[in-house]
Amino acid sequence: MERELVFPSDQSVRPGPPKPSSILRPGMRSLAPGEERYRVPGGGAIAVPIHAGDRLRLVDVEGMQACELVAADVAGAIDPAILGARGDSDASGLKQILSGTSESARSVRAGLERRGIDFARARAVTLFGGESRPGQSAEFAVTRDGLLIVAAPGAAMEAGAQNTATHIRLHVFRSRLRPASETHLPEPLADPLQDIRVNHS
């Protein structure tokens, strides 16, 4: 005995293939004006220029990841007071990263050499690690112009261990909005042979 399929009268069936999804709000900014977002890779480091009045927010995305901050002024002198904090470690994690051959280590090391920054007696501000929770954050206010180095130290994961290094997210809230015509170039991976700036458009 065959059964007849009966559809509700209020259900409309559109013939043909489904329509592709469309962008509802094209060009919507994902970050607020003046906000910059950086990803510090696990076991790596980044260097970001900072200016007086900027605000910093660091987020331990997955939790239990140690983080080291080192700030240097425009003269190349390392001073944690630029962040309104006191150095509580000798930046051993960052020094270990910079002695490696990773892409982030080469880039940060080249930037430090160009600025004449000496890490022999560097003092770092340590964050997170231990029992820090996923999404835990810390904020700082920048008092002077300089360079910020952020490291997420960690050794290579051992077989059978749960000691993998995870990334740290850095948000920089600029006190001065950069005009659209002014572009920010990242640190080069090596000493440049030529420095040629081509204007946009």
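Within the stretch 77-89, work out how many residues are part of a loop (DSSP other than H, G, I, E, B) and either in contact with an Asp or Glu (Cβ under 8 Å, 6 or more places away or on another chain) or surrounded by 15 or more Cβ atoms within 10 Å (Cβ to Cβ) (or both).
From the stretch 77-89, those part of a loop (DSSP other than H, G, I, E, B) are 77, 79, 84-88; that's our starting set.
Now restrict to residues that are either in contact with an Asp or Glu (Cβ under 8 Å, 6 or more places away or on another chain) or surrounded by 15 or more Cβ atoms within 10 Å (Cβ to Cβ) (or both): 79, 85, 87.
Count: 3.
Only one of the numbered conditions (1) under 22 Å from residue 55 (Cβ atoms); (2) surrounded by fewer than 20 Cβ atoms within 10 Å (Cβ to Cβ) is violated by residue 92, and that is (1).
Report yes if residue 68 is modelled with pLDDT of 90 or more, of a type in the set (D, E, K, R) and in contact with a helix residue (DSSP H, G or I) (Cβ under 8 Å, 6 or more places away or on another chain), otherwise no. Yes: the conditions hold for residue 68.
Go over the candidates 197, 133, 115 one by one and state the one that is over 20 Å from residue 79 (Cα atoms) and at pLDDT 80 or above.
Numbers: 197 fails: at pLDDT 80 or above; 115 fails: over 20 Å from residue 79 (Cα atoms).
Every option except 133 fails the conditions.
Residue pairs whose Cβ atoms lie under 6 Å apart, separated by 6 or more positions or on different chains, with the first residue in the stretch 42-61 and within 22 Å of residue 92 (Cβ to Cβ) and in contact (Cβ under 8 Å) with a residue 60 or more places away in the chain and the second part of a loop (DSSP other than H, G, I, E, B) and hydrophobic (A, V, I, L, M, F, W, C), are 42/152; 42/165; 43/165.
Here residue 159 meets the list (1) modelled with pLDDT of 75 or more; (2) out of contact with any Phe, Trp or Tyr (no Cβ under 8 Å at 6 or more places or on another chain) almost entirely, failing just condition (1). Is at least one residue of the stretch 91-99 within 19 Å of the chain's Cα centre (by Cα), assigned to a loop (DSSP other than H, G, I, E, B) and under 14 Å from residue 123 (Cβ atoms)? So far as the stretch 91-99 goes, yes, one or more of its residues are within 19 Å of the chain's Cα centre (by Cα), assigned to a loop (DSSP other than H, G, I, E, B) and under 14 Å from residue 123 (Cβ atoms).
Which of the residues that make up the stretch 110-158 are of a type in the set (Gly, Ala, Ser) and part of a strand (DSSP E or B)? If the condition is that a residue be of a type in the set (Gly, Ala, Ser) and part of a strand (DSSP E or B), then 124, 137, 138, 141, 146, 151 are the ones that fit. Checked against (1) open to solvent by less than 30 Å² (accessible area, probe 1.4 Å); (2) more than 28 Å from residue 162 (Cα to Cα), residue 104 meets all criteria but (2). Pull up the stretch 53-76, narrow it to residues that are open to solvent by less than 50 Å² (accessible area, probe 1.4 Å) and either in a loop (DSSP other than H, G, I, E, B) or of a type in the set (Phe, Trp, Tyr) (or both), then point me to the one that is nearest to residue 155 (Cα to Cα). Restricting to residues being open to solvent by less than 50 Å² (accessible area, probe 1.4 Å) and either in a loop (DSSP other than H, G, I, E, B) or of a type in the set (Phe, Trp, Tyr) (or both), the top hit is 65. Contact map, the stretch 145-158: residues that are charged (D, E, K, R) paired with residues that are open to solvent by 70 Å² or more (accessible area, probe 1.4 Å) and in a loop (DSSP other than H, G, I, E, B), Cβ distance under 8 Å, separation 6+ or inter-chain. Pairs shown: 145/51; 145/74.
Here is a yes/no grid of residues against (1) over 12 Å from residue 43 (Cβ atoms); (2) aliphatic (A, V, I, L, M):
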| site | (1), (2) |
| --- | --- |
| 70 | yes, yes |
| 73 | yes, no |
| 82 | yes, yes |
| 85 | yes, yes |
| 90 | yes, no |
| 94 | no, yes |
| 100 | no, no |
| 108 | yes, yes |
| 113 | yes, no |
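Scanning the stretch 38-52 for residues that are open to solvent by 20 Å² or more (accessible area, probe 1.4 Å), over 19 Å from residue 166 (Cα atoms) and not in a loop (DSSP other than H, G, I, E, B) yields a single hit, 49.
The values are calculated or read from the model by the stated rules, or taken from the named source; none is laboratory data. Since the structure is predicted, the reported quantities are computational estimates derived from the model, not experimental observations. Glycine gets a Cβ as well: all are built from the backbone with ideal geometry, and neighbour counts include every protein chain shown. Side chains are part of the model used for accessible areas, which takes the heavy atoms of the whole protein and leaves out ligands, DNA and RNA. Shrake-Rupley method; radii C 1.70, N 1.55, O 1.52, S 1.80 Å.
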